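Take a look at the structure set out below.
The values are calculated or read from the model by the stated rules, or taken from the named source; none is laboratory data. Everything numeric here is computed off the predicted structure, so don't read it as measured data. So basically every Cβ, Gly included, is an ideal-geometry build from the backbone, and we count neighbours across all protein chains shown.
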Amino acid sequence: SQGAMLAVGLSLDELADWVDDDEQSIAVAAVNGPTSLTLSGAAEAIEHLAGRLEPAGIFCRRLTVEYAFHSSLMEPVREELLRSLADLTPQQTAVPLFSTVTGRLFDGPQLTADYWWQNVRQPVLFADAMACLASRDTRMGIEIGPHPVLAYAINECFQAAGQTIETLPS
C-alpha cells in the first residue's frame, strides 16, 4: 500500500496554480468533469496539497484507497497484471462501449491486457467519454457504483456540452 488519492474541485488549468515543486509526484488520476479532478501520488504530497486547498475553501476529499491508482506508483504491478491478463480474448461488443481510457467509443477487441494496464496506470478520461455520449444525443444515464459520486460529474459534462441528461444514481 503506497500513496493516496484526492478528489478536488478544480479544472486542469486551475490545478497548475496549486501544484508546487514539492508536489511534482502528484498525477492527475481522473478528469471527471470541467471542474472535477481526482489526483494520485505520494501520500505526503497529496496531504500537503489538501492542507493548502482546504483553507482556501476549495473542495477536496481524501479517497479511501490502498493504492495510488493512475500514478507512477502503480508501475511495480505492471508485469504481474499483464501476465495475469495475457489470455484475454476480447470480443466485439453488443452495445456501444465508451472507454474512459481513451475517452472514445470503441467496439471491444481493444480490451486486451494492455488496455487494462492502461486503465490502471493512465488518467481516467471520464469527461471525454461523457462528451462523446453527449454528442450522441444521450438523454438518460445510470450511474452504477458503490457511491453516486459521478452523478454530479455526468451532469456537469453534459451541461458543458450544451446538453441535458437525466441521471439516475445507484
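Within the set of pairs 6 or more residues apart or between chains, which connect a residue that is at positive phi inside the stretch 141-153 to a residue that is charged (D, E, K, R) with Cβ atoms less than 9 Å apart?
Going by the 9 Å Cβ cut-off, there are no qualifying pairs.
Under 24 Å from SER11 (Cα atoms), touching a residue at least 60 places away in the same chain (Cβ under 8 Å) and either in contact with a helix residue (DSSP H, G or I) (Cβ under 8 Å, 6 or more places away or on another chain) or among the small types (Gly, Ala, Ser) (or both) - does that describe any residue in the stretch 117-128?
yes
Looking at THR93, THR89, which one is of a type in the set (Ser, Thr, Tyr) and over 26 Å from PRO146 (Cα atoms)?
Being of a type in the set (Ser, Thr, Tyr) and over 26 Å from PRO146 (Cα atoms) holds for just one of THR93, THR89, which is THR89.
Among the residues of the stretch 29-53, write down those that are of a type in the set (A, V, I, L, M) and either farther than 22 Å from PRO76 by Cβ or surrounded by fewer than 19 Cβ atoms within 10 Å (Cβ to Cβ) (or both).
Those that are of a type in the set (A, V, I, L, M) and either farther than 22 Å from PRO76 by Cβ or surrounded by fewer than 19 Cβ atoms within 10 Å (Cβ to Cβ) (or both): VAL31, LEU37, ALA43, LEU49, ALA50, LEU53.
Please specify each residue of the stretch 5-25 satisfying the condition of being over 14 Å from the mean Cα position of the chain (by Cα) and surrounded by 15 or more Cβ atoms within 10 Å (Cβ to Cβ).
Passing the criteria: LEU15, TRP18, VAL19, GLU23, SER25.
Consider VAL120 against the criteria (1) touching a strand residue (DSSP E or B) at 6+ places or on another chain (Cβ under 7 Å); (2) under 28 Å from SER170 (Cα atoms); (3) modelled with pLDDT of 95 or more: it satisfies all of them except one. Which criterion is unmet?
(1)
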